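Scroll down for the structure; my scribbles are underneath it.
The values are calculated or read from the model by the stated rules, or taken from the named source; none is laboratory data. Since this is a predicted model, take the numbers as computed values, not measurements. Reconstructed Cβ throughout: ideal geometry from the backbone, glycine too, with neighbour counts over all protein chains shown. Heads up: the accessible areas ignore ligands, DNA and RNA and are worked out on the full protein's heavy atoms, side chains in. Shrake-Rupley method; radii C 1.70, N 1.55, O 1.52, S 1.80 Å.
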Amino acid sequence: MKNLRIFNRFFLLLILSLSLILQAESEKELSLLKPPMDEFIDSLIAKMTLEEKLGQLAQYAGGGSRGFNTKIDEEKREMVRKGKVGSFLHVLGADFLGDLQKIAVEESRLGIPLIFGLDVVHGFKTIFPVPLASACSFEPEAVENATRIAAIEATASGIHWTFAPMVDIALDPRWGRIVEGAGEDPYLGAVMARAQVEGYQGDDLSFANTIIACPKHYVAYGAAQGGRDYNSAEVSLRTLNEVYLPPFLAAVKAGAGSLMNGFNDINGEPMTANKELLTDVLRSKWGFDGFVVSDWNSIGELINHGIAKDRVDAGKKALSAGVDMDMTSGIFGEDILKYVKKGEISEELVDRALRRILEAKYKLGLFDDPFKYCKVEVEKAEILKEEHIKITREMACKSIVLLKNENDVLPLKKDLEKIAVIGPLANDARSPLGSWKAFGEEKDVVTVLQGIKNTVPEGTKVLYAKGCMVDSNDKSGFEEAVSVAAEADVVVLVLGESADMSGEARSRSRIDLPGVQEKLAKNIVGTGAKVVVVLMNGRPLATPWLDESVPAILEAWFLGIQSGNAIADVLFGMYNPGGKLAVTIPRSVGQIPCFYYHKNTGRPASDEENQHTARYFDLPITPLYPFGHGLSYTEFKYSKLKIEDKKVEANDSLEISFSLKNTGKMAGCEVVQLYVKDVVASVAPPVKKLTGFKRIYLRSGEEAKVNIKMPVSLLAFYNIKMKKIVEPGEVKIMIGSSSEDIRLDDSFTIEGKVSQIDESEIYYTEVSLEVKE
């Protein structure tokens, strides 16, 4: 028995030894398989104190109302030395940020580099058109190129991270931040979101001219009630999924390295503490692997929302929901330390957020070379290059929308004897920069007045009168303006909003021309002069009187530093406008929300005699200008529509072709637009929805065969049980020049069973050309 017990012990020891050896070998193999980034970050986190961990989660403002870098004082530098800061925003400059980075890397205990952020929304120093304007180009390749240039300039000045793109869908033009996004349509918004993320981040984030993108403001921030910024959003689950989430999904699938939560609550739950959307949807369903930053003090504002009793409670809720970095409130860095130590807030949550932030710094290559973004010679070479200026002029031209051109008033002849340039924005160098102008400066802006002077020959006299201020009741300048108008062969009347009337915290209760500008216009038109209106604004403006009374109107938005040259290019026909509205322009504020993909009621609205429909009795139901609208100096003919196979299934792609011919006398661009509509569905469908588009350039007389390949999955919608499905049945397709100007239509049938579609995937239509010589 004794020998048996010895044998059993020996056998158990042998088994245990073999088990330990196998476990060690397995761990060794796992270690070899483990990516270097994970291994490096594991090692770094193991060395960090809790104070240092929380410091990485804290972002502080380095600049303010007095300018960039103005808040970086000795107190902030000492916080860096103690490892109490992970990031600064509102800072710039290769030299300045190089010195600040040196403190972090050489004077803090662990040498973890800082990450520097800035709102590089539509350019850094070379300012491009505001995003709402760029979306009107309907050319994602051009938008991607513009953001690539913005990234090159920003990184040359030490910036690692931009708080852009803003991908909020906006259906209410009263909301000031409509200027920052791509308008009202979720498909166009998704395409532009992808283009911008890819432009900012390039092919490899470790390259020194790439910048981490941060799509914002997740989610439904643009659904603010009453169009009032920061306000609550009451959004159905179907609308959330079909309208507001798709651009964010597109940005995530494009590889966005970070994401910013919105200030708003959705159906009573503030986004800063919304675990379902920040973790369950964003990470578990979509696979997002970047980090989430709060918007400015939005963690602290959970107290105002009424869901947190104090700063610590707010910090716990935000961290638990999935917010990783705290922008400016100081709660993560200063308030929650002792509560984590006591176990009231899990250190695992801190480590989770910390890892995501360190991964971003690793992907940027900051641990290898923390100073690669801080080279003064690169900053001098890359910022405001002639090549960049040329491209922003082209982008500005592409963004202009010709709203009206009665009797072909435009283009103007250059050899006119006298041209009057009138209006409060005609010689305004600040407004073309728009909101979030980054490092843009007025001295680099070409005004409309200067652009026209640059264009006309020496023999043409350019007269100027301001007429009035943008937002004032003062009419003392009217007399001079009328006198100048009466003297000229043509009047270019530049009206609209100043830059500070749109953007964050710039909501308006009215969307007409501010001040006495319409009265100025009436006085100018009253002279009998030929008048062309140029609108500069950050939101759709309801201008029905102008539409009725002025023969030609250009929507120019805020076009950046080459604004005046681009507007002159279009006015005088050196560039044929091809922009299309990315947002519906209503006739009146009373039509809001006014968007093209509404659903039909049981009594569809019409302007006919029948009063018992969903209409207004004092206003036409139609918008002033529909989504997708935009004229050209030439004409395009659509013909020969063909659907390759009129019977498809859910996992197929529909192949369509048609011919497009430039039948006018000028070369020009047409944005062809594909819309679809379920004829019958289990849930009331929209009257149409955009599923594809392409900006096509054709010379006079040139014809192209346009080939479209549309995934049937683009027709998916959320059914009664909130499952994303494609249903069998008849689908109508419409191809045209705007959402209302449909030139070709046909239908096809989806066969088979109801198919559930992966909610984590996004689909795009491919459009190709065969140009006939």
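Considering only Phe478, Pro577, Ala321, the residue lying farthest towards the positive end of the dipole of the chain is Ala321, judged by Cα position with unit charges set on Cβ.
Extents of the stretch 689-773, largest first, come to 52, 24, 23 Å (Cα atoms, principal axes, whole angstrom).
Helical runs assigned H by DSSP (4 residues or longer) give the chain a calculated mean residue ellipticity at 222 nm of -8500 deg cm²/dmol, each run adding -39500 (n - 2.57) before division by the residue total. Placing unit charges on the Cβ atoms only, positive for Lys and Arg and negative for Asp and Glu, gives the stretch 296-373 a dipole magnitude near 80 debye about its Cα centre. For the stretch 137-179, the residues whose backbone nitrogen is under 18 Å from a point 7 Å from the Cα of Phe40, taken along Cα to Cβ, are 160-161. Ranked from largest, the principal axis spans of the Cα set of the stretch 356-400 equal 42, 28, 9 Å.
For Ser65, Ser399, what's the largest-to-smallest order of accessible area, 1.4 Å probe? Walk me through the numbers on the way to the answer.
Working: Ser65 130, Ser399 0 Å².
If we order Ser65, Ser399 from most to least accessible, we get Ser65, Ser399.
Note down the net charge around Leu425, summing +1 for each Lys or Arg and -1 for each Asp or Glu among other residues with Cβ under 12 Å from its Cβ. So the surrounding residues net to -1. Taking amide hydrogens as placed 1.01 Å from N in the peptide plane, the amide H of Lys404 sits under 5 Å from those of Ile553, each at least 5 positions away in sequence or on another chain. Note on the stretch 322-415: dipole from Cβ charges, positive end direction compared against Ile391, Val409, Ala353; the farthest Cα belongs to Val409.
Working note: Karplus 6.51/-1.76/1.60 with θ = phi - 60° gives the stretch 488-503 the couplings 9, 6, 8, 10, 9, 9, 9, 10, x, 10, 7, 4, 7, 9, 9, x Hz, where Gly and Pro are set to x.
Based on the Stokes-Einstein relation at 10 °C and a viscosity of 1.306 mPa s, and on the Kirkwood radius from alpha carbon pairs, the stretch 70-149 is assigned a translational diffusion coefficient of 108 µm²/s.
Over the chain, what percent of the accessible surface lies on carbon and sulfur atoms, probe 1.4 Å? Please report the intermediate quantities before stating the final value.
On the way: 15100 of 31020 Å².
Carbon with sulfur: 49 percent of the solvent-accessible area.
Applying the Karplus relation 6.51 cos²θ - 1.76 cosθ + 1.60 with θ = phi - 60° to the stretch 710-721 yields 3J(HN,Hα) values of 10, x, 4, 4, 5, 8, 5, 8, 8, 7, 4, 8 Hz, where x marks Gly and Pro. The Rg/Rh ratio for the stretch 488-532, using Cα coordinates for both the radius of gyration and the Kirkwood hydrodynamic radius, is 1.10. Between Ser747 and Asp408, the FRET efficiency from the beta-carbon distance, with R0 = 41 Å, is close to 0.65.
All other residues whose Cβ lies under 15 angstrom from that of Gly477 are scored, Lys and Arg at +1 and Asp and Glu at -1, for a net of -2.
Only one of [x] -0.50, -1.28; [y] -0.41, -1.62; [z] -0.41, -1.41 was calculated from the structure for log10 I(q)/I(0) by the Debye sum over Cα atoms at q = 0.06, 0.12 Å⁻¹, and its label is [z]. Extension gain for Phe371-Glu518 works out to 47.6 nm (0.36 nm per residue, less the C-alpha to C-alpha distance). Here each label is just a point 7 Å from Cα along the line to Cβ, and for Gln225 and Ala381 those points are 5.5 nm apart.
How do the peptides 565-578, 161-174 rank, highest first, by the average count of neighbouring beta carbon atoms within 10 Å per residue?
Values: 565-578: 23.4, 161-174: 26.9.
Result, highest mean first: 161-174, 565-578.
Toward the positive end of the charge dipole of the chain, with +1 on the Cβ of Lys and Arg and -1 on the Cβ of Asp and Glu, the farthest Cα among Ile112, Ile643, Leu495 is that of Ile112. When only Cα pairs below 8 angstrom with a gap of at least 6 residues are kept, the stretch 286-377 shows a relative contact order of 30 percent. A straight Cα-to-Cα reach below 20 Å connects Lys363 with the aspartates and glutamates Asp38, Glu39, Asp42, Glu153, Glu198, Asp203, Asp204, Asp289, Asp324, Asp351, residues fewer than 8 places away in its own chain not being considered. For the peptides 269-281, 502-514, the ranking by packing is 269-281, 502-514, with the highest mean count of neighbouring Cβ atoms within 10 Å listed first.
With a Förster radius of 22 Å, plug the Cβ-Cβ distance of Glu234 and Met722 into 1/(1 + (r/R0)^6) and report the FRET value to the nearest 0.05. Spell out each step's value before the answer.
On the way: r = 17 Å, r/R0 = 0.79.
Efficiency computed from Cβ-Cβ geometry: 0.80.
Take the chain with all the other protein chains still there, run a 1.4 Å probe, and you get 40 Å² of accessible area per residue. Near Ser606, the amide H atoms lying under 5 Å from its own belong to Ala614; only residues 5 or more places off or on other chains count, and H is placed 1.01 Å from N.
State the number of lysine pairs found in the stretch 695-772 whose Cα atoms come within less than 16 Å, restricting to pairs 8 or more positions apart or on distinct chains. Each step should come with its number before you reach the end.
On the way: Lys705/Lys772; Lys709/Lys732; Lys723/Lys753; Lys724/Lys753.
Close lysine pairs under the 16 Å cut-off: 4.
Note on Lys475 and Glu417: with the Förster distance fixed at 25 Å, the Cβ-Cβ geometry gives a FRET efficiency of about 0.30. When you restrict to C-alpha pairs under 8 Å that are six or more residues apart and normalise by the size of the chain, the relative contact order lands at 12 percent. Close amide H contacts of Asp652 (hydrogens built in the peptide plane, cut-off under 5 Å, sequence separation of 5 or more or a different chain): Val712. Using only alpha-carbon positions in the stretch 140-270, the gyration tensor eigenvalues give semi-axes of 27, 14, 13 Å once each is multiplied by 5 and square-rooted (largest first).
Can you give the relative contact order of the stretch 439-555 as a percent, counting alpha carbon pairs under 8 Å and 6+ residues apart?
Details: 152 pairs, mean separation 29.7, N = 117.
Contact order relative to length: 25 percent.
Here the simple spin-label model places points 7 Å from the Cα toward Cβ, and for Ser549 and Ser206 these points are separated by 6.4 nm. Applying the criteria of a DSSP loop state and at most 15 other Cβ atoms within 10 Å to the trypsin sites (Lys or Arg not before Pro) of the stretch 722-773 yields Lys723, Lys753.
Computed about its Cα centre, the charge dipole of the chain is approximately 1000 debye, with only Lys, Arg, Asp and Glu carrying charge at their Cβ.
Number of Lys-Lys pairs in the stretch 445-571 with C-alpha atoms under 20 Å apart and a separation of 8 or more places or on different chains: 12. Normalised by residue count, the stretch 470-594 yields a Cα convex hull volume of 126 Å³ per residue. Over the C-alpha atoms of the stretch 603-661, the Rg to Rh ratio, Rh being the Kirkwood estimate, stands at 1.17. Here the peptides 71-83, 46-58 are ranked by packing, the mean other Cβ count within 10 Å, and the order with the highest first is 46-58, 71-83. Each residue of the stretch 624-632 was assigned a 3J(HN,Hα) from its phi angle through the Karplus expression (A = 6.51, B = -1.76, C = 1.60, θ = phi - 60°), giving 5, 9, x, 4, x, 6, x, 8, 9 Hz with x at Gly and Pro.
The label-point distance for Glu348 and Glu51, in a model that sets each label 7 Å from Cα toward Cβ, rounds to 2.7 nm.
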